[in-house]
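Worksheet: one structure, shown below.
The values are calculated or read from the model by the stated rules, or taken from the named source; none is laboratory data. Since we're looking at a predicted model, the values are computed, not measured. Here Cβ is always computed from backbone atoms with ideal geometry, including for glycine, and neighbour counts include all displayed protein chains. Note: areas computed on protein heavy atoms with side chains; ligands, DNA, RNA excluded. Shrake-Rupley method; radii C 1.70, N 1.55, O 1.52, S 1.80 Å.
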Amino acid sequence: MTTWFQDGRLRYGVGIEDTFIPQIRAGHRKLDEYELTQHYTNWRGDLDLVAESGAEFLRWGVPWYLVEPEPGVFDWSWIDQVAEHMQALGLRCIVDLMHYGTPLWLDNSFANSCYAERVAAYGRAVAERYRGVWDDFTTLNEPIVNAEWCGEMGNWPPYFVGDDGFLTITRALARGMVRTQQEIAAVNPDAVFVHVDAGFRYEGETTPVPRAILEERRFLALDLIMGRVDDAHPLSAWLNTQGVTDSELAWFADNAVRPDVIGVNYYPTFTTISMQNSTKTPVTAGTAGLRDLVQLYSARYGLPLAITETSLVGTPDEKIAWLRESEVELESLRSEGHPIVGYTWFPFLDLVDWLYRFDDKPVDDWMLPFGLVNLVRGGDQQLTRRKNSAFEVYQEIAQRHR
């Protein structure tokens with residue numbers, strides 16, 4: 001039977017930003033995008049807008065920390081309603097199981113010795129409950145971004161730093177991704193797995209991490225879960241000097257899993273960076289950067305590809321220009337034989353900058369106008385949903401591709 005990613009079509013979708021970092025400490029406040037954008041109270045209308053846009057699929061995340069408030073104890077009351085409404089609207093949900101944060105009860109977050117089995121059990125529970133309603137899963141969003149913020153820069157739990165922290169978290173995340181995919185497949189043999197990578201690009205020489213390392217480590221989590229890291233891997237010597245053992249790599253080789261679709265996230269104004277003296281400077285790369293990443297992932301893995309996030313902060317006219325330009329570029333790449341099956345405007349709604357977590361300024365000071373739908377606060381303090389002119393252009397493009 002032909003599945004949705006095998007019929008040769010390019011499907012248009014959207015995503016709702018779903019970062020959840022519930023842990024707080026001095027100087028670090030809770031970051032829950034559903035709460036900050038009032039999606040918990042406006043979810044039904046938000047989903048209706050998604051359907052109105054013409055999107056065929058939606059990247060939407062389950063807040064693990066709320067669904068499993070105690071180990072092994074699940075509260076499905078809200079998720080049941082959301083799943084039912086998505087099904088009624090005919091939306092395919094690519095379920096974002098892990099968008100950075102872990103439950104409060106999981107000591108040390110990703111560094112917890114039980115993390116891989118805990119996240120796998122949670123993933124299995126979601127897949128089992130919603131089989132036939134939700135059959136498409138991202139086991140973990142952007143593993144290398146996760147490893148940077150949690151393991152290299154010390155911004156999110158467990159607050160590790162440096163190369164050792166980065167690799168400790170990357171291995172933990174990768175093991176969790178493998179175990180989650182295994183557990184989901186055990187209860188839903190029809191499940192489709194969409195891996196999502198941040199499409200890092202670099203220009204110039206980089207410090208403190210050499211560019212040669214950065215160029216390869218952006219693929220590291222995906223290479224690990226697919227069992228591709230061995231003595232011939234470009235990072236083999238670096239991993240060895242950082243204490244990654246042969247037995248660890250053997251476990252990944254023995255338990256290798258393969259995604260059905262590889263998702264690549266690309267933002268034209270900040271995916272490409274120059275990183276000198278630990279300072280990241282965004283570089284605008286437009287469609288050239290998009291083409292570069294598609295070609296890289298296509299050649300390296302030979303699997304169906306989706307653009308799982310793209311958008312920009314700007315005026316509606318700037319968003320429209322990117323919608324038009326990226327559509328033309330993807331059609332050109334598809335005509336050249338690159339198996340691109342999806343395009344995702346992400347986020348569909350505006351989002352709150354992650355830097356909100358690190359100060360005490362009001363949330364509106366950190367609102368970023370990424371969306372096809374803007375969030376505007378009224379006198380009652382509610383965030384009104386307002387479609388901008390890019391919404392209609394997206395709608396026209398999405399419907400044309402159906």
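Odds and ends about this structure:
- Restricting region 265-306 to residues that are part of a loop (DSSP other than H, G, I, E, B) and among the polar types (S, T, N, Q) leaves a set whose member that is nearest to residue 59 (Cα to Cα) is 271.
- Checking residue 344 against (1) of a type outside the set (Lys, Arg); (2) open to solvent by 40 Å² or more (accessible area, probe 1.4 Å); (3) under 23 Å from residue 269 (Cβ atoms); (4) in a strand (DSSP E or B), the condition it does not meet: (2)
- Residue match in region 171-178 (condition: within 25 Å of residue 217 (Cα to Cα), modelled with pLDDT of 95 or more, among the small types (Gly, Ala, Ser) and open to solvent by less than 10 Å² (accessible area, probe 1.4 Å)): yes
- Count of region 367-381 residues which are open to solvent by less than 40 Å² (accessible area, probe 1.4 Å) and under 24 Å from the mean Cα position of the chain (by Cα): 7
- Listed by position, the helices (runs of 4 or more DSSP H) inside region 19-80 whose residues that are within 15 Å of residue 109 (Cα to Cα) number at least 1 are 64-67.
For every residue, the table says whether it meets (1) within 17 Å of residue 348 (Cβ to Cβ); (2) open to solvent by less than 30 Å² (accessible area, probe 1.4 Å); (3) among the hydrophobic types (A, V, I, L, M, F, W, C); (4) at pLDDT 95 or above.
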position: 278; (1), (2), (3), (4): no, no, no, no
position: 283; (1), (2), (3), (4): no, no, yes, no
position: 293; (1), (2), (3), (4): no, yes, yes, yes
position: 297; (1), (2), (3), (4): no, yes, no, yes
position: 300; (1), (2), (3), (4): no, no, no, yes
position: 324; (1), (2), (3), (4): no, no, no, yes
position: 329; (1), (2), (3), (4): no, no, no, yes
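- Counted residues, region 94-129 - those being under 30 Å from residue 42 (Cβ atoms), open to solvent by less than 10 Å² (accessible area, probe 1.4 Å) and part of a helix (DSSP H, G or I): 6
Matching residues to (1) open to solvent by 10 Å² or more (accessible area, probe 1.4 Å); (2) without any contact (Cβ under 8 Å) to a residue 24 or more places away in the chain:
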residue: 6; (1), (2): yes, no
residue: 18; (1), (2): no, no
residue: 25; (1), (2): yes, yes
residue: 32; (1), (2): no, no
residue: 43; (1), (2): yes, no
residue: 52; (1), (2): yes, no
residue: 64; (1), (2): no, no
residue: 72; (1), (2): yes, no
residue: 92; (1), (2): yes, no
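- Residue check for residue 68: acidic (Asp, Glu) and open to solvent by 10 Å² or more (accessible area, probe 1.4 Å): no
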